[in-house]
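Below: one structure, written as structure tokens.
Quick note: the coordinates plus some simple rules give every number you see, no bench work behind them. Keep in mind it's a predicted model, so treat the numbers as computed, not measured. Counting neighbours? That spans all protein chains shown, and the Cβs are built from the backbone with ideal geometry, glycine included.
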Amino acid sequence: MRKIDILPTTVYEFKLPDEIYLKLKTTAENINWNELPTRNGEPHYGKSYKPTTLHESEDYKELVEYIKQQVNKVADEQQYTFLDSLEVSLLWLNKSSRGQWHHRHFHGWSVLSGIIYVKGLSGKTWFSRPTEYNMPTAFALKENCSEVIYKHAPKLGTGLIFPSKLEHSVDAVSEYDEDRITLSFNTFPKGKVGNADSLAGVNIS
């Protein structure tokens, strides 16, 4: 019997210029991580540094502009003709130490999201989505029964762009590896959104 795989999901990988990556790495390592609580108060979840205006900081200006360029390349390829452009709307850093991991989640109020690998080579990013072979209407299935479709190993100085609603998680950092630091971002439309000739057309400044 031959199997035919259909409806793939595309994740885009990009590489940061060395100068921007090294500046990001230095900035991330200089954060006082010891003062930050673990996510949700769970000791195994790692920590996040998430000021709401980090994407507007002068220290991250070049990085944000580069991310914007990459994100809008994806928007053009995906033919997002209903919007003028995508802007970085949120930026935050994550750190996981040995044995720590991050639960499965997605990003709301965002169109495209991304991860940039800053430090550490363990802790793969898992991308998941439900399989159509699950039958929740017929059987009581366990919670979190998504099918894992891809596991991505960290590559320092590179980033991934993916649909914000695509579920993702991180497996545990190896007890033999250094801390894992990543930068995450969300995007939101700016300018004209929708069809200007219809009631659905709006302008977002």
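Give me ILE116, ILE4, ILE31 sorted ascending by neighbouring Cβ count inside 10 Å, so fewest comes first. Let's see the in-between values first.
Values: ILE116 28, ILE4 4, ILE31 14.
Least crowded to most crowded, the residues run ILE4, ILE31, ILE116.
Restricting the calculation to Cα atoms, region 35-115 shows an Rg/Rh of 1.03 when the hydrodynamic-style radius is the Kirkwood one. Summary value for the chain: 29 percent relative contact order, contacts being C-alpha pairs under 8 angstrom separated by 6+ residues. Placing pseudo-labels 7 Å out from each Cα toward the beta carbon at ASP177 and THR26 gives an inter-label distance of 2.6 nm.
Each of HIS105, HIS44, HIS55, HIS152 was scored by other Cβ atoms within 10 Å of its Cβ. Listed from fewest to most, they are HIS105, HIS44, HIS152, HIS55. For the pair ARG98 and SER85 in one chain, pulling the backbone fully straight at 0.36 nm per residue adds 0.8 nm over the alpha carbon distance. Taking the Cα atoms of region 14-74, the ratio Rg/Rh between the radius of gyration and the Kirkwood radius comes to 1.04.
Both the radius of gyration and Dmax for the chain are 18.5, 58 Å, in that order, over alpha-carbon atoms. Fully extending the segment from THR158 to GLU132 would add 6.2 nm, taking 0.36 nm per residue of separation and subtracting the current Cα-Cα distance.
Pairs LYS95/LYS151; LYS47/LYS124; LYS47/LYS73: which exceed 21 Å Cα-Cα? Going by Cα-Cα distance, LYS47/LYS73 fall outside the 21 Å limit.
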